[in-house]
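Peer 1: Can you keep this structure in mind? I'll have questions shortly.
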Amino acid sequence: MLNQAVARQRCASCQRWQGPRQPGETPDTVAIETEIVSGLCVGGGWDGDERRARSACGHWQIWSALVRQERPGD
């Protein structure tokens with residue numbers, strides 16, 4: 001698995017991208033199988049199109065699985 005920085009704002013870390021991925025080893029990364037893995041864009045600038053994990057557009061929203069949930073006492 002490859003870890004990609006969330007700060008790069010690429011499809012792999014976008015809420016709208018439906019490709020295979022998982023949260024990375026650190027909170028600021030997302031893990032993808034390869035750089036050329038693709039997934040469907042839903043509601044973004046490429047709505048309905050297959051996009052690669054490293055693609056980008058101006059409609060990026062952080063993937064909800066990457067958002068740290070605040071707990072009481074944190």
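Read the figures in this text as sums done on the coordinates, not as results from a lab. Only a predicted model underlies this, so the values are computations on that prediction, with no experimental measurement involved. Cβ placement follows ideal geometry from the backbone for every residue including glycine, while neighbour counts extend to all protein chains displayed.
Peer 1: Remind me, relative contact order of region 2-63 in percent, using alpha carbon pairs under 8 angstrom and six or more residues apart?
Peer 2: Values: 137 pairs, mean separation 24.4, N = 62.
It rounds to 39 percent for region 2-63.
Peer 1: Place a +1 charge on the Cβ of each Lys and Arg in region 2-63 and a -1 charge on the Cβ of each Asp and Glu, then give the dipole magnitude about the Cα centre in debye, rounded to the nearest 20.
Peer 2: That gives region 2-63 a dipole magnitude of about 120 debye.
Peer 1: Please list, in order along region 52-66, the HN-Hα scalar couplings obtained from phi with the Karplus expression 6.51 cos²θ - 1.76 cosθ + 1.60 (θ = phi - 60°), rounded to whole Hz, x for Gly and Pro.
Peer 2: Result, rounded to whole Hz: 6, 4, 8, 6, 8, 7, x, 10, 4, 9, 4, 4, 4, 5, 9.
Peer 1: If amide H atoms are built 1.01 Å from N in the plane of the peptide, which residues on other chains or at least 5 residues away come under 5 Å of the amide H of residue 45?
Peer 2: Under 5 Å from the amide H of residue 45 lie the amide H atoms of 59, each far enough along the sequence or on another chain.
Peer 1: Additional query: Taking amide hydrogens as modeled 1.01 Å from N in the peptide plane, which residues meet the under 5 Å criterion relative to residue 14, leaving out close sequence neighbours?
Peer 2: So residue 14 has HN proximity to 63.
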